[in-house]
Amino acid sequence: MLFGMWDGVYFHLGPIPVDHLVVTEWAIIALVGIISFMATRKMQLVPTGLQNGFEAIILFTYDFFTQLMDEEHVAKKWAPLLTSFFLFILISNYSGLIPGAAHVQGFQPPTSNWNVTMTLAIITFFSVHIAGFSEHGGHYLHHFVSPSPLMLPLNLVEEVAHPLSLTVRLFGNIFGEEMVLAFLLFLAPFIVPTAIMGLSMLLGAIQAVVFTLLSASYIGAAAGKGH
Amino acid sequence: MIRNRRYTSLILLFAMIMVMGFATFCMASSEGPAVPVPAPSGATPAFGNWYVIGWSAVNFLILLALIYKFGYGPINAMLEERSATIEGSLKHAEEVKTEVEQMRKEMQANLQDSRRESQEIVARATKAAEDVKNEMIAKAQEDATSIKNKAHAEIAAATEQAKAQLKDSAVVLAISAAEKVLGRAINEDDHKRMVKDFVNEAGDLLC
Amino acid sequence: MDMLALGAGLAVSISGIGGGIGMGIAGGKAFEAIARQPEVGGDVRTLLFITLAFIETLTIYGLLIAFMLVSKIQ
């Protein structure tokens, strides 16, 4: 039952195969959903306990994205998406730190797969343009020819390069980290990987923050006043 | 600094426990203890697994919907409700404040009225007391005057009486002295009259 | 096959050198800025993270190429 990076299908839902990554994503969804459901189940005007912390987190995201995007209504509109990015990436990065996740089938983190990170980057890509069009209407198209029409190809390449770099950054980091952990476990399974695991916790959090930050700044740039 | 150290040690402890658990798992599950974990191949996962892409998009959108439904939606509603409540209570407080201000003004007016009234009452009472006092003083003065007058009159009467007695006795004395000197009794009435006249004169002079 | 291994090693090491130098310069300048003006520390930190992410991407490209080459060795 021990494999290298395993691409496996658990079962078929009709004609659609359900990958192990998909099951891990379901677990992440269940975790986040249950926690947020518990936190906001009995809303009170004067917050207590879990609701208090949850409210503080959400207000913090509003503040943070407002500071990043310079416009409060844009930040409030896109904060749920960005927070979902953060939570999804963070938890799936950390799911790779479960003992043996790189080896045991079905325990690879979803973000250590090209396909998942590319999906996230494509969602960012569409959100950026939706944000731009909903803020500026057709005037948003001027953004592509902003300094001069000569820059149009370059701008288009940039628009494609953003999601590509997001994809590769997240995937490369998490995959590399998993690989390092796997090699270390192969060489010395007992105490040695501890240090790398501690480092991986930090790196996983930083990668989640970086993905969220970059998405936020792309959306902010598209929806901002500059265009 | 201390907090950071605590977090770091927590993370290290957590990771250590995980590694121990995994090592135990590997030792238990593999046939020979020589190579507990196979070497990873290092192969990157295949790209273009469209099923995974589709599933991931669907899953992420579900996650977004859940976060919006259970996280942002209720919290936004709660924040709006809270701000509405705070605004309402502020408005209510403003109303109460104006009401209190009005009541205070009314009360002050009432107080002034009652103060003036009481001042009037006091003034009236003072005046009445003054009147009574004046009356009493006047009466006392009257009494004193009348008593004085009466006393004066009595004194005068007594003086008159005393004078008359003195005069009488002086007349008698003078007559008897004159009798002694003359050795004869003269017409007493004449003498009496004469001496009386004289004494009257002298008395008027003396008195 | 030997050349594949050599190529993988070179890819990861050269991209690591470049990324390391860039990150060092960026981080040093950022710390200098924070030390000079501690009140803008938050903004500088955010920008630093974004910049480091951009730099790191190039290193990660090298790492990916290395992984691909390594997987072709067998």
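Observations, loosely collected:
- Ranked order, A:Tyr140, B:Tyr7, A:Tyr218 - accessible area, probe 1.4 Å, largest first: B:Tyr7, A:Tyr218, A:Tyr140
- Kirkwood hydrodynamic radius over Cα pairs of the protein assembly as shown, then Stokes diffusion coefficient at 4 °C and 1.567 mPa s, in µm²/s: 41 µm²/s
- Other protein chain C-beta atoms within 10 Å of residue C-beta, averaged over A:165-176: 5.
- Shown are A:Met38, B:Met136, whose ranking by accessible area with a 1.4 Å probe and every protein chain present, most to least, is B:Met136, A:Met38.
- Simple Cβ-charge dipole of the protein assembly as shown, Lys/Arg +1 and Asp/Glu -1, about Cα centre, in debye nearest 20: 860 debye
- Contour excess over end-to-end distance, with Cα ends at C:Phe49 and C:Met23 and 0.36 nm allotted per residue: 8.3 nm
- Heavy atoms of A:Ser36 accessible to a 1.4 Å probe, total area in Å² rounded to 10: 0 Å²
- Only the Cβ atoms of Lys and Arg (+1) and of Asp and Glu (-1) were treated as charged; on that basis the dipole of chain C about its Cα centre amounts to roughly 60 debye.
- Protein accessible area in the protein assembly as shown, 1.4 Å probe - carbon and sulfur %: 69 percent
- Theoretical FRET efficiency, 1/(1+(r/R0)^6), r = Cβ-Cβ of A:Phe133 and B:Ser83, R0 35 Å, to 0.05: 0.70
- Chain A: angle of helix A:193-223 to the longest principal axis, Cα-based, in degrees nearest 10: 20 degrees
- Simple spin-label estimate for C:Met68 and A:Glu158 in nanometres, 7 Å along Cα-Cβ: 2.6 nm
- Simple Cβ-charge dipole of the stretch A:3-223, Lys/Arg +1 and Asp/Glu -1, about Cα centre, in debye nearest 20: 380 debye
- Excluding ligands, DNA and RNA and using a 1.4 Å probe, chains B and A jointly bury around 5600 Å² of accessible surface, summed across both partners.
- Projected-area mean, chain C, by convex hull of Cα positions, square nanometres: 4.8 nm²
- FRET efficiency for C:Arg36 and B:Lys105, using Cβ-Cβ distance with R0 set to 45 Å, rounded to 0.05: 0.15
- Dipole orientation for the stretch B:52-207: of the candidates B:Leu166, B:Met107, B:Tyr72, B:Tyr72 has the Cα lying most toward the positive pole (charges on Cβ; Lys, Arg +1; Asp, Glu -1).
- Tilt relative to chain A, helix A:49-69 - C-alpha long axis, 0 to 90 degrees, to 10: 50 degrees
- Estimated from the Cβ-Cβ distance and a Förster radius of 41 angstrom, the FRET efficiency linking B:Ser146 and B:Lys196 is about 0.70.
- Nearby lysines by direct alpha-carbon distance to B:Lys133 (threshold 24 angstrom, same-chain neighbours under 8 apart not counted): B:Lys148
- Partner shielding of A:191-201 amounts to 5, given as the average count of beta-carbon atoms from other chains within 10 Å of each residue beta-carbon.
- Legend: mean number of C-beta atoms from other chains within 10 angstrom of residue C-beta atoms, peptide A:32-40, equals 5.
- Cα-based equivalent ellipsoid of the stretch A:3-223: semi-axis lengths in Å, sorted from largest, via gyration tensor: 33, 25, 17
- Think of chain A as having a plus end and a minus end, set by charges on the Cβ of Lys, Arg, Asp and Glu; of A:Leu141, A:Leu154, A:His12, A:His12 sits farthest toward the positive end of this dipole.
- Between 0 and 90°, nearest 10: helix A:20-39 axis offset from chain A longest Cα axis: 70 degrees
The values are calculated or read from the model by the stated rules, or taken from the named source; none is laboratory data. Keep in mind the model is a prediction, meaning the values are calculated, not measured. Don't worry about glycine lacking a Cβ; one is built from the backbone with ideal geometry, like all the others, and counts go over all protein chains shown. Areas reflect the complete protein model, heavy atoms only, side chains present, ligands, DNA and RNA absent. Shrake-Rupley method; radii C 1.70, N 1.55, O 1.52, S 1.80 Å.
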